[in-house]
Amino acid sequence: MIRQILHVDMDAFYVSVEELLDPSLTGKAVIVGGDPEGRGVVASASYEARKFGVRSAMPLQQAKRRCPHAVFIRGHYAKYSEWSSKIHHIFSRFTPLVEMVSVDEAYLDLTGCNLLHGPALRAADTLIRTIKQETGLRCSVGASTSHVVSKIASDLAKPHGLMCVFPACEAAFLAPLPIRRMPGVGKVTEAKLLILGIKTIGDAQRRRREDLERQFGKFGEWLHRKAFGQDIEAYAWHDSARSLSHETTFPSDVADLEIIQQALSHLSQRLAYRLRDHGVKAQTIGLKLRYANFQTVSRERAVPQPTCLDYEIFQAAFDLFRATYDRRQKVRLLGVRASHFTSQPRQADLFEAEREQKMGRALYTADQLRSRFGFDAVRLARSLDKGREPSS
DNA sequence: TCTGGGGTCCTAGGACCC
DNA sequence: TCTGGGGTCCTAGGACCC
């Protein structure tokens, strides 16, 4: 049976949701990301803003220079998730085999669904219309026999388009495209490939697999296969997260230990809250530290006992910080990461068990409040900002 | 130009064990 | 005294994606 894979990509998703929330934005240059004077980057830009050269991941200050009249919006991320669920729901009506790769992107496996939805091209067309009709959102779709090809096709179809690559045409379709079009080939890899004379996907097709493998290891073998539009596996698909993290970039670089401690505490609390929400404990806690000069270091360490407790995570993160920090430099960013999850209960002596139970009760109450009123409704002592009343 | 925040995966060296 | 080889785990860093 011939595989039928659709890749669906929402057009300017965040901006489009903002337009639904506030129709007066429609047709304007809109940039979601935050304060244009701050240190953020563009998360999503309307097509009107893109006319001025504004792109995703561009520093907001630069976007402001290119498009001074744009409306800058911080972003309503909870709303984006809601709309993402609505879209997911529509996808599920076409096939049970839906892989949401991010809030605004999914693969649909329609293999064997011909009787239900007709040929892939028709099914894709119906899908685009249904989404537009039921949500007001627009999307682009790629259709082919594999994930890579459909992904690249939907990219070329943007905005609001549909591109179908018929069976046995995959390699010929890919051949003329620049190698950078291949998902997984970024700036760095592109540069390495160019040195070897691989400018297009067709160039990669003409190399011997063994040569690519010798030069690039596992990646070389991967590239050779993908260049012909072949997927072995659908996706490296995990239903549970492998790591969770929070990080923050300060509005301006910081040397004050008090502020650093507060930030680490706040990040630890957010992280712990999410670990409990996922029902897991972390065996490894990590710290990310970016200096003013953008030099970035990370440290991680296995903790004595798996944990999901605010204070223990903070302790671990702060220990790593003290062992790592170079006092001569100011800090731009701090991050805390948890990984190596276990759902196993930990062994604790009686004293520990009692303490943890008390702690657990307090945190349970805090979590309840947070899920109703938002994370910052409850703050533990260390991250209470000086001179500011806690919000509850 | 001045570089977010949340993730995943891969590589490579060293420790450690058999 | 000089010296294996393989396997796995841990940690740090980096490329990439949205």
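On C-alpha positions alone, give me the angle between the axis of helix A:257-278 and the longest principal axis of chain A, in degrees, nearest 10. For helix A:257-278, the angle is close to 60 degrees. In degrees from 0 to 90, rounded to the nearest 10, what is the angle of the helix A:147-157 Cα long axis to the longest principal axis of chain A? It works out to around 80 degrees.
Spacing of the modelled spin labels on A:Arg327 and A:Ala302, each 7 Å from Cα toward Cβ, amounts to 3.3 nm.
Taking the highest mean first, how do the peptides A:127-133, A:303-309 order by number of other beta carbon atoms within 10 angstrom per residue?
Top of the packing list down: A:303-309, A:127-133.
For the pair A:Lys51 and A:Ile259, a Förster radius of 41 Å applied to the C-beta separation gives a FRET efficiency near 0.50, rounded to the nearest 0.05. For chain A, carbon and sulfur atoms together expose 53% of the accessible surface, with a 1.4 angstrom probe and every protein chain in place.
Extension gain for A:Leu115-A:Leu20 works out to 30.7 nm (0.36 nm per residue, less the C-alpha to C-alpha distance).
Place the peptides A:317-325, A:185-193 in order of packing, highest mean first, counting for every residue the other Cβ atoms within 10 Å and averaging per peptide.
Values: A:317-325: 16.7, A:185-193: 13.8.
The most tightly packed comes first, giving A:317-325, A:185-193.
The order of the peptides A:1-8, A:109-116 by mean Cβ neighbours within 10 Å, most packed first, is A:1-8, A:109-116. Distance between the C-alpha centres of segment A:206-283 and segment A:98-160: 26 Å, rounded to the whole angstrom.
Segment A:13-77 has equivalent-ellipsoid semi-axes of 17, 13, 9 Å, by the square roots of 5 times the alpha carbon gyration tensor eigenvalues, sorted largest first. Across segment A:243-383, counting alpha-carbon atoms alone, Rg and Dmax equal 15.2, 48 Å.
In plain terms, the C-alpha convex hull of chain A casts an average shadow of 23.9 nm² when viewed from every direction. Each Lys and Arg Cβ is given +1 and each Asp and Glu Cβ -1; about its Cα centre, segment A:172-227 then shows a dipole of about 80 debye.
The amide H of A:Val101, built 1.01 Å from its N in the peptide plane, has A:Ala106, A:Tyr107 as neighbours under 5 Å, considering only residues 5 or more places off or on other chains. For chain A, the longest principal axis of the C-alpha atoms and the axis of helix A:120-135 are separated by about 40°.
Neighbours of A:Lys28, meaning other residues whose beta-carbon lies under 13 angstrom from its beta-carbon, give a summed charge of -2 when Lys and Arg score +1 and Asp and Glu score -1. For chain A, the solvent-accessible area works out to 54 Å² per residue, with a probe of 1.4 Å and every protein chain left in place.
The values are calculated or read from the model by the stated rules, or taken from the named source; none is laboratory data. Given the structure is predicted, the values throughout are model-derived calculations rather than measurements. Positions of Cβ are backbone-derived with ideal geometry, glycine not excepted, and every protein chain shown enters the neighbour counts. Keep in mind that these areas ignore ligands, DNA and RNA; they rest on the heavy atoms of the full protein, side chains included. Shrake-Rupley method; radii C 1.70, N 1.55, O 1.52, S 1.80 Å.
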